[in-house]
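Here is the structure we will look at.
Every number here is computed from the coordinates shown, using simple stated rules; none is lab data. Everything numeric in this text was worked out from a predicted model, so none of it was measured. Here the Cβ positions follow ideal geometry from the backbone for every residue, glycine too, while neighbour counts run over all protein chains shown.
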């Protein structure tokens, strides 16, 4: 079977006492980019929040492991320190906190939890400058409050910048393509593709095939009514684009 980077085993989860995830199992190997596609209301965003440890999402059964270590019972920041990263569908705006301040705090918080030394300011500045240039992020954006007044594309680029700087073991992209024009989509995809490596995994959650034209998945999984109802290769995404989710919604019901 081989080593599993992320392993979800018979996961059940509720939101406001309503069952949303209903016995979901999925394995992602190191180096793999797994795509999850599904209709609205299938539980895609709920899954990403449950994996990230967001409050208000109650796991009622099953287990999730990252690199063989269970994430259950860990706070969101502890999961992040273990190498889990979630790119949100709608990134938060944080008035009063400049983007640079936020990035430095995030990087040093993770280093501290892992018992590593904090980055010196020159080292931090250099890392940010190199990564920002590659993603087409202008320096003046880094001096503005985080995401405040940013366009949808700018917010998404900023999240990819965070991901590049934090170098997670496993990254979850939750409908990161929503509201993006083709140029922004391409830049986000380039950032993700640059991070692909044999010891890093990705879970790309999307409603549309178009993101997968830029981020080529190794596997595609259909999520319907809180569980995976079909798995396949990249061709499965093309089939969904052509035929929609009709058959799977009926199958799940």
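Report D for region 150-253 in µm² per second (integer): Stokes-Einstein, Kirkwood Rh on Cα pairs, 4 °C, 1.567 mPa s.
Working: Rh = 14.7 Å.
The calculation lands on 88 µm²/s.
With neighbour counts taken as other beta-carbon atoms within 10 Å, the residues 104, 216 rank, fewest first, as 216, 104.
Calculate the tail of P(r) for region 6-252: the fraction of all Cα-Cα distances greater than 35 Å, expressed in %. Let's see the in-between values first.
On the way: 3733 of 30381 pairs.
Of the Cα pairs, 12 percent sit more than 35 Å apart.
Most simply put, the chain has about 60% antiparallel DSSP beta bridges, counting only bridges with both residues inside it. Region 93-116 and region 198-223 have Cα centres spaced 28 Å apart. Site pair residue 19 and residue 123 shows an inter-label distance of 5.0 nm when each label is modelled 7 Å from Cα along Cα→Cβ.
Could you compute Rg(Cα) / (2.2 N^0.38 Å) for region 1-142, with N its residue count? Ratio of Cα Rg to 2.2 N^0.38 Å: 1.22. When every Cα-Cα distance of region 137-207 is counted in 10 angstrom steps from zero, the calculated P(r) takes the values 19, 52, 26, 3 percent.
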